[in-house]
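Written below as structure tokens is the structure these notes are about.
The values are calculated or read from the model by the stated rules, or taken from the named source; none is laboratory data. Owing to the predicted nature of the structure, the values given are computational and were not obtained by experimental measurement. Accessible surface areas use protein heavy atoms only, side chains included; no ligands, DNA or RNA. Shrake-Rupley method; radii C 1.70, N 1.55, O 1.52, S 1.80 Å.
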Amino acid sequence: MKFRDFHVFLLGTLRGRLILGVAFVQAVIMTLFIFDLTIRHRNLLLENQELDATTLAQSLATSASGWIAANDIAGLQELVENQRHFPELIFAILTDKAGQILAHTDKSKIGMLLLDLPRDIGPSVISKTPALVDVSSPALLGGKHVGWARVGISHAEAGRKLAKITFSGILYSIAAILIGGIIVWLLGFHITQRLYAVQDTINLVKAGKTTARSRLAGTDEAALLAREFNAMLDALSKGE
């Protein structure tokens, strides 16, 4: 089928317009559905990552509080190193209450000063982006603030899950459009076949066979059109 014939079929026939219309509606609906699904899953994954980071920071702060008070640098570094098994951990940091780094997964940063710690003594989300969730938690010993624990968790795995969900949604959308198009094509074929039966009668009458009549049963519009056309032909025959 040439492009021009295909264009005429889609825009110049009832069947083509039905297929095009249903495909367009399904495409819009499925696009909105995928967009909404992606946003919802993205927010859910971010919330889960934030919860994981907060839980890890609080656990690390609780474990480290005694060692921070005792200024046990070796013990604090060992504690930080033990966190490396945590999935998608980017960094883990332990500081004194002034923000001086006592232990870090990157040992070259030990002794530096963190300037962006929260003013309030409580768990805080410093950053939450698709690339990183950065959370801090105070280390308390006997109710006294002695330092901070801070962790950063990546969203790489969450991003892969989100991409997989989006890809699956696109596949479902394509499948829905194709299935809908096939159903509408079959429906359109049934409708237009009945209309073509009337058109065949018109062609026969134009060719000189005035006794030709449409034989369509049913109560739909095509059958009504056929009966009205037959009645018109009968009236014309009697008039002759």
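Just a few scattered comments:
- Looking at region 78-148, the accessible area is 55 square angstrom per residue; that uses a 1.4 Å probe and ignores ligands, DNA and RNA.
- Stretch gain in nm, segment residue 235-residue 82, where the contour uses 0.36 nm per residue and the Cα spacing is subtracted: 45.3 nm
- Accessible-area composition of region 173-240, carbon plus sulfur, in percent [1.4 Å probe]: 66
- Note on region 83-131: semi-axes of the ellipsoid equivalent to its C-alpha gyration tensor, largest first and rounded to whole Å, are 18, 17, 10.
- With q set to 0.15, 0.18 Å⁻¹, the log10 of I(q)/I(0) for region 147-202, from the Debye formula over equal scatterers at the Cα positions, is -0.68, -0.77.
- Per residue solvent-accessible surface (Å²) - region 15-68, probe of 1.4 Å: 58
- Scaling the Cα radius of gyration of the chain by the globular reference 2.2 N^0.38 Å produces a ratio of 2.05.
- Of interest is the spacing of the C-alpha centroids, which for region 155-215 and region 94-152 amounts to 61 Å.
- Of all lysines in the structure, those lying under 23 Å Cα to Cα from residue 238, and not within fewer than 8 positions of it along the same chain, are 206, 209.
- For region 50-138, carbon and sulfur atoms together expose 54% of the accessible surface, with a 1.4 angstrom probe and every protein chain in place.
- Contact order normalised by residue count of the chain, Cα under 8 Å, 6+ apart, percent: 21
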